[in-house]
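See structure below.
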Amino acid sequence: MERFSTDRLYATQADHSDALASFKSEFHFPQHAGQDVIYFCGNSLGLQPKPTAAAFETELGSWRELAVGGYFNGPNPWLYYHQFLSPTLAKIMGAQVQEITAMNALTVNLHLLMLSFYRPSGKRNKILMEAGAFPSDQYAVETLARHHGLQPDEVIIEIAPLDGEKLLRTEDILATISAHADSLAMVLFGGINYYTGQLFDIAAITEAAHQVHAIAAFDLAHVAGNVPMQLHDWQVDFAVWCSYKYLNAGPGAVGGVFVHERHASDANTPRLAGWWGNDEKTRFKMEKGFHPKTDASGWNISTSQVFNMVALKASLEQFERAGMDRLRNKSLQLTAYLEFLLQQLSGLNFEIITPKDASSRGAQLSLYFPEQGKAIHQKMIDSGIIVDYREPGVIRVAPAPLYCSFTDVHRFYEILKEHF
Ligand SMILES: *Cc1c(COP(=O)(O)O)cnc(C)c1O
């Protein structure tokens, strides 16, 4: 018995019985030919929630009317603004509230946390990462090695897929970790590879890293707001992510950080500090001697960048209402439906490079078209469907469950079917 159908009616009915369908109307969509576009690019930049503008107006109002008083008064006193974000982020990431903070931006946070946790000593100085990691992560690790006076190609171990394959096998990742048991200082992996859409087994990688006494760190840029995590229970040491992809907080929005409580509660965990990470009881005494807050916010450095957090706060209120589990359930359905429809296109030469196993992927499918990738991408854009294109021939399609429908996915299929 087939779970899905190519009939458009199937999509209409699936939308009709979708408990999250109404969230779509809470977003602004770019217009194409007088209509909302279909937006499958939330893995790059999420859409703007309609409540975002009012959230900015609230803080502009506090600034206008209270000025410096806005730090302690007004609807959302700025002294605590970053803390308002933590409870929902903690749910999304499977963390305790005190293990979460919002600050800076993703690569900056990656640097700061690596400076805390990568402590090369003697021959234990190696960093394991995935080959083809996002360039910013590669640059961060390369320059971190040099910062410690080490040669990047001597300390960075990159694990690549087997010849002829596009995805990493968990058993190979784990075997590589054990093979470097004596020399590995840190494993830094993406949660989901931005190009292939592969979701790695974070729990297994963390356990293997800990078995050899290495730090387990993750860049969850493509995971945050996409796939529910259990970072606390998995014992992850630290994780960082951005908020402008699936979290819909707008371009350059404040980044997120997880530091496991066993490190965060220890004031002696090394770090680069600033006054916002200092205990609030002594912060304004302006005295010598840094006394870190004994939670993840002990890594805060500067005054909260309130206007860079406002949109995230507005967006997290939607996540709170939708619930990460319900979002993931819908996402599994949407992406499986997209996969099913694509599989019916027998005449088209293409390959889905994202894992078939739903537990090894998030919303995104990466489609490799050896011949017509560019033409297909152009046709989609001309038809009001926003997807992105990466050389050579890869179209990434990410139906984000907050604002994408089954009908949207069906439309993508129809265009492929009619024109290619
Ligand atoms: C999007 C993304 C980044 C971007 O980093 P910024 O510091 O926010 O510019 C970094 N790493 C990964 C894996 C990403 O997907």
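The values are calculated or read from the model by the stated rules, or taken from the named source; none is laboratory data. Given the structure is predicted, the values throughout are model-derived calculations rather than measurements. FYI the Cβ positions are ideal-geometry reconstructions off the backbone, even for glycines, and counts take in every protein chain you see. Accessible surface is based on the protein model in full, side chains and every heavy atom, while ligands, DNA and RNA are left aside. Shrake-Rupley method; radii C 1.70, N 1.55, O 1.52, S 1.80 Å.
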Point to revise | Residues being more than 30 Å from F369 (Cβ to Cβ), touching a Phe, Trp or Tyr at 6+ places or on another chain (Cβ under 6 Å) and open to solvent by 10 Å² or more (accessible area, probe 1.4 Å) - total across segment 186-233 | key: 2
Review point. Can you name every residue in segment 235-248 that is free of Cβ contacts under 8 Å to residues at least 40 places away in the same chain and either open to solvent by 10 Å² or more (accessible area, probe 1.4 Å) or out of contact with any Ser or Thr (no Cβ under 9 Å at 6 or more places or on another chain) (or both)?
Key: Q235
Review point. Inside segment 109-136, can you point out the residues that are closer than 20 Å to H260 by Cβ and out of contact with any strand residue (DSSP E or B) (no Cβ under 6 Å at 6 or more places or on another chain)?
Key: H111, L112, M114, L115, S116, R119
Exercise for review: Name every residue in segment 84-140 that is among the small types (G, A, S) and within 16 Å of the ligand (Cβ to nearest atom), in order of residue number.
Suggested key: A102, A105, A131, G132, A133, S136, A140
Practice item. Only residues in segment 96-118 that are in the same structural domain as V236 (by TED's automatic domain parsing) and open to solvent by 10 Å² or more (accessible area, probe 1.4 Å) count as the first member; pair them with residues that are within 9 Å of the ligand (Cβ to nearest atom) and part of a helix (DSSP H, G or I), Cβ under 6 angstrom, at least 6 apart or cross-chain, and list the lot. Key: T107/S136; T107/A140; H111/A140
